[in-house]
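Below: the structure, in structure tokens.
Bear in mind these aren't lab numbers, they're just calculated from the coordinates by the rules spelled out. Please read these numbers as outputs of a predicted model, since none were measured by experiment. Cβ: placed from backbone, ideal geometry, glycine included. Neighbour counts: every protein chain shown.
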Amino acid sequence: MRLLREHRLVVRFALGSLVAFVAIGLVLSVAVAHQFTERGEEQAAAHAAFVTNSVFRFELSAADLRAPVPVRSRRHAELARFVRTRILEAPGSTLFRVVRLKIWSRNGTVLFADDPRLTGRRFPAEEDLREAFAGQTVGGVTNLSEPENVFERGLGDRLFETYVPLRLDTAGVGPVDAVVELYQDYGGIQRQIDSGFRTLAVTLLVGLAALYVVLLPLAFRASRTLSEQNARLAEQARRLEDLLEQEQARVAQLRELNRLKSDFVAVASHELRTPLTAIIGYAKTLRQPAFAGDENNREEFLEAIERQGDRLFQLVENLLVTSRLEDGALPVSIAPFSPEEAIRGVADGLGSASRRIRVVVPVPLPKMHSDRRFVEQVIRNLLANALKFSLADSECEVGATAASGSLTISVTDHGIGIPADEVSRIFDRFYQVDSSSTRRFGGIGLGLDLVKTLVQALGGTIEVQTEPSRGSTFTVVLPLVHPSSSGEPRNETEVAYSGWWKSTLSSRAST
Ligand code: ADP
């Protein structure tokens, strides 16, 4: 079946050409059979003409043709004997064997016939007879149903009759004196036709079969070449399709990047402008003489300026670190430090919001050999989010424990939480659960992307447990000794981290 499919073209050609060859064979056979029949009948007529002009004519006299030869006369008997011995039973004439002979007068009277019952009878003069009297030899298959052929019916299944014009003058150019009609057995003629036709048909058949046999391997080879070419073309088309798909994906990616860039520019400008506007507003208010002696308001405004400044600083810091990380301009810088100091430093550095932060370090922590700036940046971002996405008076916790060479830092808030189906996306760059223009919380969606990158650079993992309206806990597990460091306490080592990044990042949503 597979072979048939592979060589469909050959099979089609084989069947198509077979049908064409059979059709050609049939048409040729019909045409050739027709030719042979014509030739056979022409030969029969020529034989009849020969018998008449070269054998029978010399036996006849003008007296025989004047009126019907009397049936019981000696002349009739003589002529009948001559016809029987020299024509009907002539040795060697089986092919165009003559079975009857009649002599016709112009008016349709049989002047003589080898069957005496016919001599003297008169029949309506037919077209054939008239043409023969006009000088033409006319032949055709005998219609045995005609009255003039009543006595010929017993002579054979099929007869061929030839009307031969008879001229008694020796030059053979004078008027036609009578017409001799000879009936020949068609069996002999048919045999002649058949033998010629058989020879030609066999030759034709063998020729066509040989041509067919020669053409088939050619078609087979051509089909193989074509199917190979087809396969190559299909392969090329497939490759082009793949390339096109890749190209389209790249274009879509570029479009998306372009869109993100525009979104980012809009959001970042807005996020920069909001704290700046507030800072400028508070500063102008403070300059007014009315507030010169108002200690309480001054303190409140200055705190607000500090809060907005911190927000600005955090934003610009995130942008800078992200950009430098991408450029590879911020390698991991390993040095020993106290993780507790780092955590407390970040918590205290959050200004007035520090009041809401509870640092939980139950047992003293060992020293860490890693990048302090990276660790602080991770904690700062997680704490900033915890404070941002919870009520202004609710408490947030940052805790740390150490076990089996790892430091586990967790940041917990009791805020809005994250819907389960969003959790997997919050670490994507610029992704925000609520990114509408009317959103409650500021930000540009860069913090967790940066946290993810930094945790990876530190060789750690991060996961989140969260429940909408109940709050979230982000847990970061970091190796106490950075994987690139030998473990020996050293002053400082710089490592380009991009080479050994192994993302073990995971996220989990608690329900
Ligand atoms: P953003 O600048 O918006 O804070 P982040 O990358 O830090 O960007 O956070 C991405 C999104 O994840 C936030 O917009 C917020 O929807 C969600 N998210 C992060 N931290 C918290 C949290 N502690 N509680 C609730 N949602 C959070």
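Computed on the Cα atoms alone, the convex hull of the range 38-197 gives a volume of 108 cubic angstrom per residue. Annotation for the range 272-328 versus the range 344-376: alpha-carbon center distance of 23 Å.
Working note: Debye formula, equal point scatterers on the alpha-carbon atoms of the range 241-332, no solvent; log10 I(q)/I(0) at q = 0.24 Å⁻¹ is -1.12. Spread over its residues, the convex hull of the C-alpha atoms of the range 187-247 is 69 Å³ per residue.
Packing order of peptides 395-402, 359-366, 419-426, highest average first: 395-402, 419-426, 359-366 (average count of other Cβ atoms within 10 Å over each peptide's residues). Here is the tail figure for the range 273-385: Cα pairs spaced more than 16 Å apart come to 68 percent of all pairs. Cross-link partners for Lys452 among the lysines, with Cα-Cα distance under 22 Å and sequence neighbours closer than 8 places in the same chain left out: Lys261, Lys388, Lys502. Descending by average beta-carbon neighbour count within 10 Å, the peptides 23-29, 304-310 line up as 304-310, 23-29, the highest first. Using C-alpha pairs under 8 Å with a sequence gap of at least 6, the mean separation divided by the residue count of the chain gives a relative contact order of 11 percent. The sum of -39500 (n - 2.57) across all DSSP H runs of n ≥ 4, divided by the residue count of the chain, sets its helix-only mean residue ellipticity at 222 nm to -16500 deg cm²/dmol. Annotation: amide H of Trp104 within the under-5 Å range of Leu111, Val179, Val180, Glu181, sequence separation 5 or more or interchain, hydrogens built in the peptide plane. Name the shape class, rounded, prolate or oblate, that the alpha-carbon gyration tensor gives for the chain, where a ≥ b ≥ c are the square roots of its eigenvalues, rounded holds for a/c under 1.5, and otherwise prolate holds if a/b is larger than b/c and oblate otherwise. Taking the square roots of the gyration eigenvalues as a ≥ b ≥ c, the chain is prolate.
To the nearest ten degrees, helix 295-327 and the longest principal axis of the Cα atoms of the chain are 40 degrees apart.
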